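K.L.:
Pasting in a structure now, in structure tokens, and then I'll have a few things to ask.
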Amino acid sequence: QVQLVESGGGLVQSGGSLRLSCVFSGNGFSSYAMDWYRQAPGKQREFVARITSASTTNYEDSLKGRFTISRDNAKNTVYLQMNSLKPEDTAVYYCHTKRWLEYWGQGTQVTVSS
């Protein structure tokens, strides 16, 4: 059974930075691709970034250059470093993975003030 727990959200001013963490509980973390998604108020959940088991990364196009996804297999943790934050980055950020079943974390709130 996989469980995902996010942390690191909070309130930050426009232009600031945050690093989100997602701890994976279960077996075989290093073999899982891991994703970050986000959901802003009144909007659909959207893809943010992915890192594969080989640490290949891809991003939603508009976030390239500001957001960086990484992983530490020794700590069963995936990170999302967010720089130059904008008010439109305000959302609940979710960690996600899938292997036969989909797994979501509970989300962590990021609020960027102008």
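Taken together, the values in this text are just the output of simple stated rules run on the coordinates, not laboratory data. Values in this document were obtained by computation on a predicted structure and should not be read as measured data. Here the Cβ is made from the backbone with ideal geometry for all residues, glycine too, and neighbour counts use every protein chain on show.
K.L.:
Looking at region 1-85, send over the antiparallel percent of its DSSP beta bridges, to the nearest 5.
P.N.:
Working: 25 of 26 bridges.
Beta bridges within region 1-85, antiparallel portion: roughly 95 percent.
K.L.:
Something else now. Given Cα pairs under 8 Å that are at least 6 residues apart, what percent is the relative contact order of the chain? Numbers along the way, then the final one.
P.N.:
Numbers: 274 pairs, mean separation 41.7, N = 114.
That works out to 37 percent.
K.L.:
Residue separation times 0.36 nm, minus the C-alpha to C-alpha distance between residue 114 and residue 52: what's the value?
P.N.:
On the way: separation 62, 0.36 × 62 = 22.32 nm, distance 3.38 nm.
Answer, rounded to one decimal: 18.9 nm.
K.L.:
While we're looking at this one, here's another question. Percent relative contact order of region 44-102, based on C-alpha pairs within less than 8 angstrom and at least six residues apart?
P.N.:
Values: 47 pairs, mean separation 12.3, N = 59.
Reported as a whole number, the value is 21 percent.
K.L.:
So, one more: Just to verify a number: FRET efficiency for residue 25 and residue 70, C-beta to C-beta distance, R0 = 22 Å, to 0.05?
P.N.:
Details: r = 19 Å, r/R0 = 0.86.
Given R0 = 22 Å and the Cβ-Cβ separation, E is 0.70.
K.L.:
What are the chymotrypsin sites (Phe, Trp or Tyr not before Pro) within region 27-114 that DSSP puts in a loop, where the Cβ has at most 10 other Cβ atoms within 10 Å? Display every interim value, and only then the final one.
P.N.:
Working: sites: 29, 32, 36, 37, 47, 59, 67, 79, 93, 94, 100, 103, 104; in loops: 32, 100.
Counting only loop positions with at most 10 other Cβ atoms within 10 Å, the chymotrypsin sites (Phe, Trp or Tyr not before Pro) in region 27-114 are 100.
K.L.:
The chain: longest stretch without exposed trypsin sites (Lys or Arg not before Pro) (DSSP loop, at most 13 other Cβ within 10 Å), sites themselves excluded? Let's see the in-between values first.
P.N.:
Working: sites that count: 43, 75.
In the chain, the maximal stretch lacking such sites is 1-42.
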